[in-house]
Amino acid sequence: MTTVGDVPAPAARVLADLAGLVEALRADDRIVVGPTVRDGAIVLAELASAAELPYGWGVELDAGHYRLRPVDQRLAFANSAGPQSWKAQLHPPRQLLMSARRTPDDGFVVDDTPPAPSRLAFLGVRPCDLRAIGILDQVLGSGRRYAERRADVLIIAVNCTEPGAACFCVSAGGGPAAEAGHDLVLTERADGRLLAEAGTTAGGGLLARLPGQEATAGDLAEGRDTVGAAANRMGRTLPPGDLRALLVDQVDSAHWNEVANRCLTCGNCTMVCPTCFCTTVSDTTDVTGEHAQRWEHWDSCFDRDFSFLHGGPVRPGGASRYRQWLSHKLGTWHDQFGQSGCVGCGRCVVWCPVGIDLTAELAALTATSRSGSTDPEVSDAGND
Amino acid sequence: MRATTERLRTHPFLAGLDEESLERIATISTVVALDAKTWLFREGDPADRCWLIRSGRVNLDVHLPGRGEVIVESLGAGAVLGWSWLFPPYRWHFDAVVVEPTSAIEVDGIQLRALCQTDPKLGYRLGQMFTAVLIERLQATRLRLLDLYGPPR
Amino acid sequence: MTMTPARYLVVDRLAETADTVTLTLEPVDRPLPVFRPGQFAMLYAFGVGEVPISISGRSGAGGLIHTLRAVGAVTRALAAVQPGAIIGVRGPFGTPWDLPAPPGSEVALVAGGIGLAPLRPVIHHLIAHRRRYRRAVVLIGARTPDDLLYPDEFDTWRAGGVDVHVTVDRADAGWPDHVGVVTTLLDRCITNPGQVAAYLCGPEVMMRLTARALIDRGVAAAAIRVSLERNMRCGIGHCGHCQLGPLLLCRDGPVVGYPVAAPLLAVREL
């Protein structure tokens with residue numbers, strides 16, 4: 001018998017299913033958020049039991065294409081990134097920052113108490129999304145509300161054994177295996193059982209309470225092999241080379257105009273991207289004008305008013321807005337935050353209504369850069 | 001007082017002009033001292049001179065009915081004032097009024113035109129120099145047209 | 001790094017021009033940290049919104065002076081507040097003007113329009129430390145004489161050892177000073193290009209052309225600083241709006257060295 005905190009808990013177990021895990025999390029008063037099928041897609045929602053996980057559902061993905069397809073009923077994680085990411089849990093689409101009311105002395109008083117955060121458990125975080133959470137931690141972590149929400153989240157990651165057609169995590173600096181930031185990581189086996197490995201003491205403690213056999217060396221090796229093989233089956237890849245330098249070099253490329261012919265500036269990519277964090281602030285009053293609120297909500301650099309200055313937008317056209325998004329994500333994010341903002345999850349490719357694929361756009365820019373011309377017609381662009 | 005080549009050589013507008021040309025221009029130039037509040041020329045008057053300002057300030061202005069005089073440009077040390085003598089109809093387009101006591105080299109425009117016709121090399125050189133000034137003034141004027149300090153649209 | 005405004009009382013309101021006012025503010029609660037020249041605050045008009053406004057001076061212990069132009073809903077509301085009203089302030093944010101300049105510098109400030117407002121605290125610094133510098137010059141460009149900011153202070157600045165030169169785009173006769181673009185005054189403030197420390201603030205085009213004119217006259221690009229602006233929503237580096245290429249102007253600006261700014265300003269719609 002192992003006691004949490006006294007003796008090191010087992011590092012790895014093989015679980016028959018996840019029912020015990022979800023029950024244990026709920027017994028800890030945690031709200032369990034995980035994938036479930038709704039409206040023809042796999043979305044993230046609060047789970048009452050493990051049965052709500054997307055057992056038997058895989059996905060068929062391509063640029064601008066997403067369909068569910070049936071898979072082995074025993075498998076809950078034979079699918080890749082749906083339209084949502086965990087950022088909606090940590091960085092909500094709308095939040096009230098403060099309320100204020102007028103006082104008789106021509107002044108006002110402010111109440112900025114944040115709501116008490118729920119204790120959350122994220123069940124089913126893919127390694128790309130795990131890295132994305134780390135990126136958001138770095139960008140937004142100094143904010144009080146984000147920090148309070150983030151402080152007590154238990155993360156159960158799920159390694160990828162079957163990359164989706166839009167996935168390119170390896171070339172984005174990650175991989176199909178969870179590396180850091182998780183409390184527990186699961187690897188689903190072909191028979192539906194799951195290898196569960198602890199990543200932190202808290203994860204180990206949770207693992208100790210679950211029914212299941214201790215993992216053998218063979219179990220661990222098999223898990224590593226399956227996940228390792230997945231790294232070689234990525235659906236897409238970012239072009240090699242220094243993308244940050246490429247985007248600086250190609251700032252005046254005619255290619256941006258070419259993308260603008262296709263891009264609707266709808267902003268879907270920014271909504272589904274797990275690291276896009278831009279927000280706007282709106283101050284409102286009630287009808288009497290006596291009570292005011294300050295709300296923060298998601299915004300997108302594709303919105304025409306995003307760059308409004310002195311009577312008009314700095315980036316009125318689609319070309320400069322697409323350039324801003326891509327150059328920030330893969331380029332200036334390095335300058336601002338010391339790393340790339342892209343984790344290779346492929347959501348932007350899948351959920352673009354016109355199927356714009358940033359790996360292809362970057363490949364095109366690489367080609368024009370190599371040919372020394374800013375005109376894509378002159379380049380020796382290869383076909384993917 | 002007749003201008004000397006020394007005085008001409010040190011004026012920024014003529015910097016770089018060869019000695020011989022400077023001497024010839026000196027023969028058609030005089031150093032003048034202009035009192036404040038003097039009208040140098042009026043819009044529509046015959047244009048026959050230009051001034052290389054050495055110190056002080058001259059304002060170009062225009063009269064708008066119902067509004068009076070509006071200042072269009074200030075010219076100070078180092079500037080050249082007046083080029084309507086270069087082309088027909090040889091008439092001034094604005095008024096010029098001396099604002100501060102000003103020292104300038106006044107050059108006879110009619111004789112300068114004649115000099116340029118008999119000496120094409122000098123004519124070309126002077127044409128280049130005037131064009132450079134014109135370009136700079138045009139760019140500055142375009143900047144003011146933008147009304148950058150005005151309210152955003 | 002909070003999104004909650006501190007309350008400040010309007011103790012004075014001066015109408016500088018038809019659309020610009022200067023507000024003097026005193027803290028109601030604990031004062032915010034000291035604002036350095038070049039930094040900005042997010043000023044809040046109750047229920048209307050917030051805008052970034054540079055600091056234009058300090059008043060006593062903890063008081064703030066802000067000059068703002070009414071160009072939109074929030075600034076119109078702020079420009080309308082009367083003494084006795086309370087507004088919200090967050091800050092200080094952003095990079096300050098790098099002061100002091102090297103000893104012996106010829107310090108040249110070039111201000112276009114409302115750009116004089118963020119430079120005013122630099123003028124105060126120059127007066128307080130006049131002996132450190134060989135020369136202190138401020139060139140002020142405005143649309144018309146009626147659009148000049150702080151005209152009543154020019155003589156005080158001159159008395160403090162700062163050469164003040166003014167030019168307007170147009171004026172009625174009787175205007176005693178210069179008419180023309182501000183770059184035509186540059187030769188007055190540069191005697192020794194190698195020792196010039198330049199601080200520019202105004203419309204972007206004006207700063208670009210002034211910087212180029214300075215460089216043409218032998219001033220090193222590294223000796224020139226500009227104050228840049230972009231849309232700002234949070235002021236604390238979290239909303240993403242104020243990006244100019246790699247810079248987040250609320251954090252890496254608004255004051256930026258010209259060598260960094262120049263290539264960014266050269267790209268259209270960046």
Task: Sequence-distant residues sharing a close amide H with C:Leu228 (under 5 Å, placed H) - done: C:Val255, C:Val256
TODO: Round to a whole angstrom and tell me the spacing of the C-alpha centers of segment C:107-131 and segment C:31-105.
DONE: 16
Task: Where labels lie 7 Å past Cα in the beta-carbon direction, separation of C:Thr156 and A:His65 in nm - done: 7.2
Task: Amide H contacts under 5 Å for C:Ala6, placed H, 5+ residues apart - done: C:Val89, C:Arg90
Task: Intensity falloff of segment A:75-157 expressed as log10 I(q)/I(0), Debye formula with alpha-carbon point scatterers, at q = 0.12, 0.15, 0.23 Å⁻¹ - done: -0.47, -0.64, -1.16
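Per residue of chain B, what 222 nm ellipticity follows from adding -39500 (n - 2.57) for every DSSP H run with n ≥ 4, rounded to the nearest 500?
Working: 4 runs with 49 residues, N = 153.
The helix contribution divided over chain B gives -10000 deg cm²/dmol.
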TODO: Mind listing the long-range amide H neighbours of C:Leu244? Cut-off is under 5 Å, sequence gap 5 or more, other chains count too, H placed in the peptide plane at 1.01 Å from N.
DONE: C:Leu249
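Taking N as the number of residues in chain B, what value does Rg over Cα atoms divided by 2.2 N^0.38 Å take? List each step's numbers first, then the result.
Details: Rg = 16.3 Å, N = 153, 2.2 N^0.38 = 14.9 Å.
It is 1.10.
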Task: Residues in segment B:85-122 reached by a label modelled at B:Ser55 [backbone nitrogen below 12 Å; 7 Å Cα→Cβ] - done: B:101-104
Open item on the list: Among A:Ser371, A:Gly318, A:Val281, which residue has its Cα furthest toward the positive end of the charge dipole of segment A:243-371, with +1 on Lys/Arg Cβ and -1 on Asp/Glu Cβ?
Closed with: A:Ser371
- [ ] Taking the Cα centre of chain B as origin, work out the dipole magnitude from +1 charges on Lys and Arg Cβ and -1 charges on Asp and Glu Cβ, in debye rounded to 20.
- [x] 300
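Multiply the residue separation of A:Ala245 and A:Val43 by 0.36 nm, subtract the distance between their alpha-carbon atoms, and state the gained length in nm to one decimal. Numbers along the way, then the final one.
On the way: separation 202, 0.36 × 202 = 72.72 nm, distance 3.58 nm.
Once the chain is fully extended between A:Ala245 and A:Val43, it gains 69.1 nm.
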Open item on the list: Just to confirm my numbers, what's the Cα centroid distance between segment A:309-360 and segment A:220-297 in Å?
Closed with: 6
Task: Cα-only radius of gyration and Dmax that characterise the protein assembly as shown, units Å - done: 34.0, 115
Task: Computed magnitude of the charge dipole of segment C:120-218 (debye, nearest 20; Cβ of K, R +1, Cβ of D, E -1) - done: 640
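Once the convex hull of the alpha carbons of segment A:137-286 is built, what does its volume come to per residue, in cubic angstrom? Don't skip to the answer; put the middle values down first.
Values: hull volume 33.7 nm³, N = 150.
Considering the Cα atoms of segment A:137-286, their hull volume per residue is 225 Å³.
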Task: Cβ neighbours within 10 Å from other chains - mean over A:98-108 - done: 5
TODO: Please name which of A:Ala116, A:Gly34, A:Val153 has its Cα lying farthest along the dipole of chain A towards the positive end, using unit charges on Cβ (Lys, Arg +1; Asp, Glu -1) and the Cα centre as origin.
DONE: A:Gly34
Open item on the list: Please report the equivalent ellipsoid semi-axes of segment A:243-371, computed as sqrt(5 x eigenvalue) of the Cα gyration tensor, largest first, in whole Å.
Closed with: 31, 16, 14
Task: Of the DSSP H helices in chain B, those whose Cα atoms cover at least 24 Å axially and whose Kyte score averages -1.0 or more - done: B:120-145
Task: Cα gyration tensor shape for segment A:1-126, rounded if a/c is under 1.5, else prolate or oblate - done: oblate
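Once you average over the residues of A:287-294, how many Cβ atoms of partner chains fall within 10 Å of each Cβ? Present the calculation step by step, with values, prior to reporting the outcome.
Values: counts 0, 0, 3, 2, 1, 7, 1, 8.
Average per residue, whole number: 3.
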- [ ] Can you grab the distance from the C-alpha centre of segment C:149-212 to the C-alpha centre of segment A:28-99, Å, no decimals?
- [x] 61
- [ ] Once you have all Cα-Cα distances for segment A:220-270, histogram them in 10 Å bins from zero and send the whole-percent values.
- [x] 17, 26, 29, 18, 9, 0
TODO: Report the far tail of the P(r) of segment A:2-233, meaning the percent of Cα-Cα pairs longer than 32 Å.
DONE: 23
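What does the structure give for C:262-270 when I average, per residue, the other chain Cβ atoms found within 10 Å of the residue Cβ? Provide the component values of the computation, followed by the final result.
On the way: counts 0, 2, 1, 0, 2, 5, 7, 12, 8.
Mean inter-chain Cβ contacts per residue within 10 Å come to 4.
Highest mean first, what order results for A:94-101, C:135-142 on Cβ atoms within 10 Å?
Values: A:94-101: 17.1, C:135-142: 25.5.
Answer by packing, highest mean first, reads C:135-142, A:94-101.
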Open item on the list: Under a Cβ-only charge scheme (Lys and Arg +1, Asp and Glu -1), can you give me the dipole magnitude of chain C about the Cα centre, in debye to the nearest 20?
Closed with: 700
Open item on the list: Need one number: the % of Cα-Cα pairs in chain C sitting beyond the 26 Å mark.
Closed with: 40
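Just to confirm a number: summing +1 for Lys and Arg and -1 for Asp and Glu over residues other than C:Ala262 whose beta-carbon lies under 11 angstrom from that of C:Ala262, what do you get? Before the final figure, lay out each step's value.
Working: positive: C:Arg208, C:Arg212; negative: none.
Counting the neighbours of C:Ala262, the net charge comes to +2.
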Task: Residues listed by number, segment C:202-232, amide nitrogen under 13 Å from C:Asp98 label point at 7 Å toward C-beta - done: C:220-226
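Each value in this text was obtained by applying a stated rule to the coordinates, not by laboratory testing. What you see is a predicted model; the values in this text were computed from it and never measured. Glycine also receives a Cβ, built like all others from the backbone with ideal geometry; neighbour counts cover every protein chain displayed.
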